[in-house]
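Here the structure comes first, spelled out in structure tokens, and everything after it is commentary.
The values are calculated or read from the model by the stated rules, or taken from the named source; none is laboratory data. On a predicted model such as this, the values are computed, not experimentally measured, just so you know. Note: ideal-geometry Cβ built from the backbone for every residue, glycine included; neighbour counts use all protein chains shown. Side chains included, ligands, DNA and RNA excluded: accessible areas come from the protein's heavy atoms. Shrake-Rupley method; radii C 1.70, N 1.55, O 1.52, S 1.80 Å.
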Amino acid sequence: MRQKIIAGNWKMNTTLEEGIQLLQAIAVQIKDNTAQVIICPPHTHLASFNDNKDVHKQILIGAQNCADEACGAYTGDISVAMIQPFVKFCIVGHSERRSYHGETNESIKAKIDLLLQHQIQPIFCCGESLEERNNEVHFELVESQIAAALFHLDESSIAQIIIAYEPIWAIGTGHTASSAQAQEMHAFIRSLIAKKYSSAIADRISIIYGGSCNASNAMELFAQSDIDGGLIGGASLKAEEFIKIIQAAN
Ligand code: PEP
């Protein structure tokens, strides 16, 4: 059975103090969950969360982004080597990075390679805009994002990737994809992996959904056969709601 994953993307929210409180509030409510819970806080929280691993034993920590170069004159950037002591996962290719920071498939591919070299599992985001969906090019678009960023990987490396399908029109908008729309795209993504690699590898890869997932719609989304959990933005900032989403994945 594939690993169910619930990852919280806190984005640019919480001071360190607020982050510690939120992490604790989530950690104390996690009971024997079977889903893997991951929190991706701002970079400024990583060292402190790592120092206090004992209070969040059932939660693994991820970063929200990394540089596409190993080191050098890149003011303000954070390298993979810098986050490596603190994280097991890193989000790459989030649509907010693609649109506000001009990230390209090429730079996302470079980040993925650096992460894998440092034994960090990439959470690779892909997904179409509303215009692309309305023009019925959403499958093509997602296929091109996946092929450009992932299809140079060998079998053992692709097996390390967590894919997050995040339709841009659903992120932070309150308009979640229907479970049928999400399932259709997840099944399509799995078929791409099967075609390029093998069905055995496609069956092992966790494909999670992101985009206005909340306590009310999570159970129906996670019940779909190709949806292996969620990447949760806004709802991961409220401990009670996030816990309900985690429970929906069990
Ligand atoms: C995200 O940004 O990854 C996300 C899924 O956000 P939200 O849940 O707020 O739509």
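Here are the numbers for the structure shown:
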| item | result |
| --- | --- |
| Boolean, ILE59 is away from the ligand (no atom under 16 Å from the Cβ), among the hydrophobic types (A, V, I, L, M, F, W, C), open to solvent by less than 40 Å² (accessible area, probe 1.4 Å) and under 29 Å from ILE20 (Cα atoms) | yes |
| Meets criteria (within 16 Å of the ligand (Cβ to nearest atom) and touching a His at 6+ places or on another chain (Cβ under 9 Å)) for ILE171 | yes |
| Selection status of ILE112, within 16 Å of the ligand (Cβ to nearest atom), within 21 Å of GLN64 (Cα to Cα) and within 15 Å of the chain's Cα centre (by Cα) | no |
| Leading residue by the ranking (surrounded by the most Cβ atoms within 10 Å (Cβ to Cβ)) among those in the range 195-213 that are of a type in the set (Ser, Thr, Tyr) and within 14 Å of the chain's Cα centre (by Cα) | TYR209 |
| Options ILE245, ILE232: the member that is near the ligand (Cβ under 8 Å from one of its atoms), closer than 19 Å to PRO41 by Cβ and in contact with a Cys (Cβ under 9 Å, 6 or more places away or on another chain) | ILE232 |
| From ILE91, ILE112, residue being under 21 Å from ILE158 (Cβ atoms) and part of a helix (DSSP H, G or I) | ILE112 |
| Test for ALA67: is it within 20 Å of GLU96 (Cβ to Cβ) and open to solvent by less than 20 Å² (accessible area, probe 1.4 Å) | yes |
| Long-range neighbours under 8 Å by Cβ, at least six apart or interchain, first residue farther than 19 Å from LEU116 by Cβ and of a type in the set (Gly, Ala, Ser) within the range 75-101, second within 16 Å of the ligand (Cβ to nearest atom) and in a loop (DSSP other than H, G, I, E, B) | SER95/GLY127; SER95/GLU166; SER95/ILE171 |
| Among residues of the range 119-162, those that are outside any helix (DSSP H, G or I) and either touching a Cys at 6+ places or on another chain (Cβ under 9 Å) or of a type in the set (Val, Ile, Thr) (or both), counted | 7 |
| Selection count, the range 147-168, where residues are open to solvent by 60 Å² or more (accessible area, probe 1.4 Å) and within 16 Å of the ligand (Cβ to nearest atom) | 1 |
| Failed criterion for ASP54 (all others in (1) in a helix (DSSP H, G or I); (2) within 21 Å of TRP169 (Cβ to Cβ); (3) without any contact (Cβ under 8 Å) to a residue 24 or more places away in the chain; (4) among the acidic types (Asp, Glu) hold) | (2) |
| Pair list, Cβ < 8 Å and 6+ apart or interchain, from the range 120-137 residues that are farther than 21 Å from ILE232 by Cβ to residues that are surrounded by 15 or more Cβ atoms within 10 Å (Cβ to Cβ) | GLU132/HIS138; GLU132/LEU141; ARG133/PRO167; ARG133/TRP169; VAL137/GLU128 |
| Those residues of the range 88-138 which are on the phi < 0 side of the Ramachandran plot, open to solvent by 40 Å² or more (accessible area, probe 1.4 Å) and of a type in the set (Asp, Glu), in sequence order | GLU96, GLU106, ASP113, GLU131, GLU132 |
| Output for the range 23-43, where each listed residue is under 19 Å from the mean Cα position of the chain (by Cα) and part of a helix (DSSP H, G or I) | LEU23, ILE26, HIS43 |
| Which listed residue, of ALA215, ALA223, is within 14 Å of the ligand (Cβ to nearest atom), farther than 27 Å from THR104 by Cβ and among the small types (Gly, Ala, Ser) | ALA215 |
| Counted residues, the range 214-250 - those being open to solvent by 10 Å² or more (accessible area, probe 1.4 Å), of a type in the set (A, V, I, L, M, F, W, C) and in a loop (DSSP other than H, G, I, E, B) | 2 |
| Some residue of the range 181-194 being surrounded by fewer than 21 Cβ atoms within 10 Å (Cβ to Cβ), at negative phi and not in a helix (DSSP H, G or I) | no |
